[in-house]
Every structure is written in structure tokens, then in C-alpha cells.
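The block underneath contains the structure these notes are about, expressed in C-alpha cells.
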Amino acid sequence: MAPAAMIRLLVSRLVQMVLTLAALSFVAFLLIGLMPGDPIAVAIAGDPRLTAEDAARLRALHGLDTPILARYLAWANSVLAGEFGHSRLFARPVADLLWPALASTLVLLGSAVLLAAAAGLALGALAAARPQARGVVDALAILIASAPTFWIGILLILLFAVTLGWLPAGGQSEAGGLDALRFLLLPVATLAIAGLAAWARHAASALAEALAAPWILSARARGASRARVLWAHALPNAAPPLLALAALDVGALVGGALVTETVFARPGMGKLLYDAVMGSDLNLALIALLLIGAVTMAASLAADLAQRALDPRLRDLA
Amino acid sequence: MPGLAALLRPLLAALLLAPAVPAAAQPRDSLTIGITQYPATFHPNIESMAAKSYILGFVRRPLTLYGQDWHLACGICETLPTLENGLAVLETTPDGRPGIRVTWRIREGLRWGDGTPVTAEDLRFAWEAGRAFETGFGPAEFYRRAYEFLSAHPREVTLRFDRVTFEYASAGDFQPLPAHLERSIWEADRRAYRSRTRYETDTTNPGLWNGPWRIAAVQPGAGVTLEPNPHWTGPAPAFRRIRVLTVENTPALEAQLLAGQIDMIAGELGLPLEQALALQRRAGNRFQFHFQPGLIYEHIDLNLENPILADRRVRQALILSADRAQIVARLFDNRQPVAHSNVNPLDGVHDPEVRQWPFDPARARALLEEAGWRPGPDGIRRNAAGERLALDFMTTAGNRSREQVQQILAAGWRQVGIEVRIRNEPPRVFFSETLSRRRYGGMAMFAWISSPESVPRSTLHSEEIPTAERNWSGQNYTGFRHPRMDELLERLPETLQRADRLPLWRELQAIYAEELPAIPLWFRADAHIWPLWLEGVRPTGHLNPSSLWAEEWRPRR
């Protein structure tokens, strides 16, 4: 891809991302801000000692007595100035909460995507290379796709943590290092298994299609081994649709991460966002939502660029 | 995540038939506790929530507290002030009203975790910050009433109040704050103090804590680690390290307990009773189970502005056709006492002679007939105008236990000709909008938590009915108006001698049981789950958690 075309594409996609994030922030601010039950209403309902005077004082203190549009503009100004504000729920600066949570979720998502992709590709390749195995792979994929993520998680906990006692049932390691890996295994396996089915089915279709192409026949005629034909000739041609799947998968996995982080009591972006929305922590919820949106869009852009790099037919498309 | 929890619970129960391996042997000088909530703040005077109270129980001691016997006692004070011992003195306020002067003396040798003594200056700072309403402490009533602070000795504080109540000796949320660390931050910017306090920015600073332990590490949203406070002069704690982990999802919490990752689940913030009972059936030999009835009063508020419910006979018919004893037996294994009024049987002011409504559908039908409700062709009663006897019934969506109770009650009421329409809402909407703005049309099931001998003014006085003019404060959601009840609620706090209050309490309970602004259901029990090797934990059942006496917890020898 020519550098100028690449820059054009990048700039146009980045502008799109910024506009999308701005629109997302406005809509999310309105939706969360208009949700019934502001923090003071919740506090009043829970504490009989709060008087009418206390309610008015606390509303003013939290800036809840101003119109929602004014609140949005003030919030947007602060964010543009790099000030992400304070989390009401955790009584800490939002930035202090976000980065550890984002890092934890990215490790979880990254590992899960890699594992799902590797296992899914292997299963897809098996189905494509050996048509008699296709039925088994399809059945396995349907079975996995039908299993809810939380169910897979709880099964793994019961087997590996409760019954065998090999791995922790949840939480996060205090020690770090190899111990952290032990805490990561079950959540990653849960999320990877949940994502495996889509990878296996798409890989099987894409590889089967590539294996039927004339250049594969030509490679075989030149004496290339079965493995070489599959991995060196068919896979690069099957890669673009799989990359598109990877980009789409990031969005789906973020949803899965919420469930996984809840079942495994593992701090991360999904859990943080859920806690923030349920706890009326507008500031934290918005920043977390925008960050998740930005990560998803960045993953989509990366996949798009990789697709164009791999597929010459896409290079001239804007 | 209540929906997910509801899905996971039966799955976990079904699959746990597999034999569990015993938890790996734990070192007995550390303890890991699971709870279901993470505190929004560690500042003792900002916001009140159960998770904060539980954790701060290990690391701070209040001036006064309610003991395990439900009586007020000293925390860090030497002697509880009384009129008899002279530490409380009735007086007149400068503007001529009856007032009281109360003196507490701080126990000798009490120090913050950095070695600085706890003194009257720490209480003076707490009082000044509380009186400056821009600081943003929650309920400000205590500070409004305490109009003057005096200190004649570094360990002695006297507050002058402009109102005399029988609770004068209780310091409530008035707790010492380490002035040597916090005052300068507060003075620099009072409005920003909430977010700049060291309790949020430097939570592991030992100087913030004066209890047997101090907070040594914090994982936001996940838990805290506690280590002994070297300057604690009380009984030496047995545990070198305590971890309090937050696992909001109760099936996940149960799995971590069974996997040996946590040693115990605190009843104050633990498993729902029915989940704990199921766990006891499966793993009763691996843990100690203790069910502590407490002050959480489960009931159904009745909207008395609804013309159907305005008729007392209908309210009485509702309670007569609700088989509460059977529900408690079947769903809760008789672990929760049926409530006959809003006062807990464990509370010293409870009247055992209060009217107890039995399950009597025949009498309920008779009362409804008397009230003009006759059975229609579909079994639902109608009045002379042809209106159906139909009521909305709301509770918190996703609370499996409440939803089960709701179904059973609705079936019972249908038997006597009352149609019930179930309309549940997420807790946030239910509590902060529907209830507090009195937008529920008929019945609303939820719970109140209070302290021992808590005068229910906010829930029963006619001046406490939430309105827009009152900023929706007040908790008289039923709209109950009863002049004699108002009078009792005003007289009770001002009656200083307990013996004189008892007849007032009896009358209050009698009116409540007869008028039924709400249908009493039961008092909830907390399910405490401890390891077999632990002893000394004594749950209270009220707002002061068991952690306030955690230095008494010991590994069994």
C-alpha cells in the first residue's frame, strides 16, 4: 500500500473515530444522566438521617442541581483538558482506576483472542483438510456457541478450583509473576472457549474455499506437502476474512469480559463499567465506556490495515 | 449482577454434587474474609455503607458503639456519660431552649498507627469539619445540634447540644479524625476535602487508623489487606494479616470459599440466606454456620392514598391471608423470626404482647365482605361500583428470594379474592424514584435496617411523608397519618428514663400492629460462615459489625 494512501486512510479513520467517540460521549452522558436515581436520591433512600436540607446541600456539592447540558459541556471541557475527574464510587481519580483495569482486561482479552484464534484455526484447518472431520468440528462449534460464557466459567471453576484444587476460583494474584498466570488461566480459558466456535467455523469455510482454488492445485502439482499447502498457501489467502472476524470479535469479547470478570471476581474494564453504571458513577462510567469504544475501534482499524496489507484487492479502497 | 447471580446459583448447587477436595491447610496467623461489597470511601464520616463499617471495624474504634448485647457501650471512651454520673448535665441553651452538655473522656494510651496519641484535638477537628456543611459529611443533624465544643483536658471533650434526647450518650458517627494529618488538607480547601483527604489519597498511611489493625494495601474494587497496628494498646490481635476481599457475585464467592481461597464469609455482607442454607446442606461439615437474626425488617409498605388500602379492614385482610410462618419455615428453614411489628424481638423495647395476626383466610374473607368487597364471577372481589379488588405489588427485580415470596403471597391473596399485579423494578429505580417519590400504587416489599431502640420517626411521622417541597427526604412512604403516633414519636426521644419510655414503645407497637401501615413479614438473619478452626466471632445483628471486636477472634487451639 502506498504511504500516501495509507496516511489518507489513517487520517480519515482517526477523524471518524474522534467523531464517533464525541457522539458516543454525548449519547452516553444523556442516557446515564437521565437514568432514574441520582446518587443523592439513592443516599436519601438509604439513610433516614438525611434531611431535606442535607439533600439540597449534597446535590449542590455534586453539581447535580445544574441542567444536564451544562453538566455535559463542563465535563467535556475537563476531559479535553486532560482532567478525567474523580470517581464517586471509588473516591479516587478516574485515571488511577482506569489504567490498571484496562491493563488487566487487555491481558485477558489479548490472551483469550490468541488462544481462541490458535485453537479455532487448528480446528478449522482440520475440518478443511479432512472433510470427514467437518461434521465433528461443526458439532463441537455449535455446542460451544450454545454454551453461555458464565456456564463455561462456572464449570471450569468447579472442575479445576473446587474439585481438583489446581487453580484459584477467581480474584487476582497479590504476588504477580507465575502466580498471576495461575489466576489468569481459567478466565482466559473461559473467554477463549466462548470465542472458539466462531473462529473454527470461519476458518473451516475460508480454508476450504482457499483449498479449492486453482493455485492450490498448482502447488500440489509442484509437490508441496499437505501441511505446506495448508499453512503456506491456503492460510494467507484465507487470512483477510479471519482478520475481519478478529476485529469484530474484540467487541463481542468485551461483553464476554464483563461476564468473565464478574464470575471470576477479577477487576477489569467490564466490571468497572458495570459497577460504575449500577452505582450512578457517571464520570467513571463515561470514561470507561469511551475507553472501551476507543480500544474496540482501534482493534478494528488495526485489523482493517492488516487486511489491506494482506489483500491487494483492498489496497486501493478508501 | 442479580440476574447472573440468579442463574449461577442453581447451577452451582446442582454441579457441586462432585466431591470437593478439602481446602489446602492455611497458615493460622492469617485470615481471608469474603464480602459482597466494596466501600465507596474509607473516610469514617463520609457516607454510610455496610462494607465501610465492616472494614473500618478492624482498623478504627468509635467513641461509642452498640455492644453485642444491643446496649450502648464505650468504644474508645472511658465511661458512658449519664445524668447520674455527672458526665451529662441538663442545661439551657443560650437562646433559652432545653439543652444538654455531654462529656466523653478518651481512653488512655490510645494512639494512631503512626504513634501520635488520639486526643481531643482529633474530635475538635471532626466537629469543625462536620459543622462546616460544605465539607460534605452525610447526615448533618448531629453537628447542627452540637453547637459548642469544649475541651478541658487533652483526652476530654464536651459537646453542648440544643436538644435533649435519650440518646445523648451516643456519639454516633462523631468519630475522631487524625488532625495532625487531615486538618491542613481540610483547611486548604473545604469543598475539595472529600476527594483530597488522605483516607482516599493515602489510605495506607498508618496515622489514619487507631484500631488493632491498619490498612496496609488497597486493591480498588477488589479488597484490602490489614496488618497489626504496632501502637494498639488493647488485647493483641491473633492474626498477623487479614485480607478482606470483595466478590460481588455470590456464586463466585461461594466457589472461592469451597476452593479454599477465602476462609470465611462475613454475615454482614455475605450470602443470601437461602444460598447459605443450601451450602450448609452440602458442605455443613467443612464450615461453621451461624445464623444471626438482626435488625433488618422485611415488610410490605402499603400506599394509604390508594382508596382500597385506605380501609384498615382491607389491610388487616391482607395480613390475615399471608401465611408468613409457612414461608419462613419453607423458604428460610425457620431461621428468621416472623415480625409482628416494626420492633425486633431482640430489642429491649419489644413488646411480646403485641397483637400477632394469625394466618386465617376465613377471617380475611369476612373482613373483605364487611368492607364491601364481594366475589366476582372470576373469583376476584368487586365493590358496589364494580371496581375490582386489584393491587400493584412491587419489589426489587432480580432478588430471587423476594420474587419467590411475592409469588407465594400473591397466590394466597388470590385465594381470598384479591388480585395482585406484580410490577418489579431494578433496585436503583425502585428505591430512589418509585418509593422515595411515592410512585407505587399499592404495595412495596423491601427492608429497613435500624439501630437498637431506634425511634421510627422518619418512617411513621406525618411530617416525614416525602414531597417535592422536602426534597423527597423522609421515609414515610406509606403516607401514614396518625396523631397519636406523631405524639409518641415526639415524646419518645425526649423521655430520658428507659422505664418511662417502655409504655410509649408498647403503645407505638400496638398502634402499628392494629393500623398496619405496612405488613410486617420477618426480621432477616445474616448467614455467617466461618472455618472450623476459628473462634471468638460474635455477630451482633445490628449496625455495628462483628469486626469491631475482631481482636477477640482466635484460631481454635
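Ordering B:ASN306, B:TYR199, A:TRP99 by Cα displacement along the dipole of the protein assembly as shown toward the positive end leaves A:TRP99 in first place; charges were set at the Cβ atoms of Lys, Arg (+1) and Asp, Glu (-1).
Overall shape: prolate for the protein assembly as shown, with the ratio a/c of the largest to smallest alpha carbon gyration tensor axis at 1.5 or above and a/b above b/c.
Which order results if A:TYR274, B:TYR512 are arranged by neighbouring Cβ count within 10 Å, fewest first? Each step should come with its number before you reach the end.
Values: A:TYR274 19, B:TYR512 23.
Fewest-to-most ranking of A:TYR274, B:TYR512: A:TYR274, B:TYR512.
Would you please state the base-10 log of I(q)/I(0) at q = 0.14, 0.18 1/Å for the stretch B:28-149, with intensities from the Debye formula using one equal scatterer on every alpha carbon? Debye curve over Cα of the stretch B:28-149, log10 I(q)/I(0) at q = 0.14, 0.18 Å⁻¹: -0.80, -1.28. Magnitude of the charge dipole for the stretch B:372-494, about its Cα centre and with charges confined to Cβ atoms of Lys, Arg (+1) and Asp, Glu (-1), is about 540 debye. Taking a ≥ b ≥ c as the square roots of the Cα gyration tensor eigenvalues, with a/c under 1.5 meaning rounded and otherwise prolate when a/b beats b/c, else oblate, which class fits the stretch B:191-276? It is oblate, given that a/c is not under 1.5 and a/b is not larger than b/c. Taking the C-alpha atoms only, the angle from helix B:273-283 to the longest principal axis of chain B is near 80 degrees.
Relative contact order of chain B, taken over Cα pairs closer than 8 Å and 6 or more residues apart, is 20 percent.
Obtain the radius of gyration and the Kirkwood radius of chain A from its C-alpha atoms and give Rg over Rh. Display every interim value, and only then the final one.
Details: Rg = 24.0 Å, Rh = 22.6 Å.
The Rg/Rh ratio comes out at 1.06.
Fewest-first ordering of B:ASP378, A:ASP249 by other beta carbons within 10 Å of each residue's beta carbon gives B:ASP378, A:ASP249.
Can you give the charge dipole size of the stretch A:212-318 about its Cα centre, rounded to the nearest 20 debye, using +1 on the beta carbon of Lys and Arg and -1 on the beta carbon of Asp and Glu? Intermediate results must be reported in sequence, preceding the final value.
Numbers: 9 positive and 7 negative charges, 162 e Å.
Approximately 780 debye in magnitude.
Across the options B:HIS482, B:HIS528, B:LEU508, the greatest Cα extent toward the positive end of the charge dipole of the stretch B:409-557 (unit charges at beta carbon of Lys, Arg, Asp, Glu) belongs to B:HIS528. GNM on chain A, alpha-carbon springs under 10 angstrom: the most fluctuating residue among A:GLN16, A:GLN307, A:GLN172 is A:GLN16.
So for the protein assembly as shown: antiparallel DSSP bridges make up what percent, rounded to the nearest 5? Can you show the working numbers first?
Values: 58 of 73 bridges.
Taking every DSSP beta bridge within the protein assembly as shown, about 80 percent pair in antiparallel fashion.
For the stretch B:394-534, the alpha carbon convex hull comes to 179 Å³ per residue, rounded to a whole number.
Considering only B:SER341, B:ALA283, B:ILE319, and ranking their Cα positions along the charge dipole of the stretch B:272-383 that arises from unit charges at the beta-carbon of Lys, Arg, Asp and Glu, the one farthest toward the positive end is B:ALA283.
Candidate membrane-span-like segments in chain A, meaning DSSP H helices with Cα atoms spread over at least 27 Å of their own axis and a Kyte-Doolittle mean of -0.5 or above, are A:3-34, A:94-129, A:178-211, A:235-263, A:282-310, with no membrane implied.
Counting only DSSP beta bridges with both residues in chain B, the antiparallel share comes to about 80 percent.
Extent of chain B along its three principal axes (Cα atoms, max minus min coordinate, largest first): 78, 71, 41 Å. Counting only Cβ charges, +1 for Lys and Arg and -1 for Asp and Glu, the dipole size of the protein assembly as shown around its Cα centre is about 2700 debye.
Taking other Cβ atoms within 10 Å as a rough exposure proxy, A:SER87, A:SER12, A:SER111 sort from fewest to most as A:SER12, A:SER111, A:SER87. Here the relative contact order of the stretch A:74-135, from alpha carbon pairs under 8 Å that lie six or more residues apart, stands at 12 percent.
Readers should treat all values here as calculations from the given coordinates under stated rules, not as data from a laboratory. Nothing here was measured: the structure is a model prediction, and the numbers come from that model. Ideal geometry is used to build each Cβ from the backbone, glycine not excepted, and the neighbour counts take in all protein chains shown.
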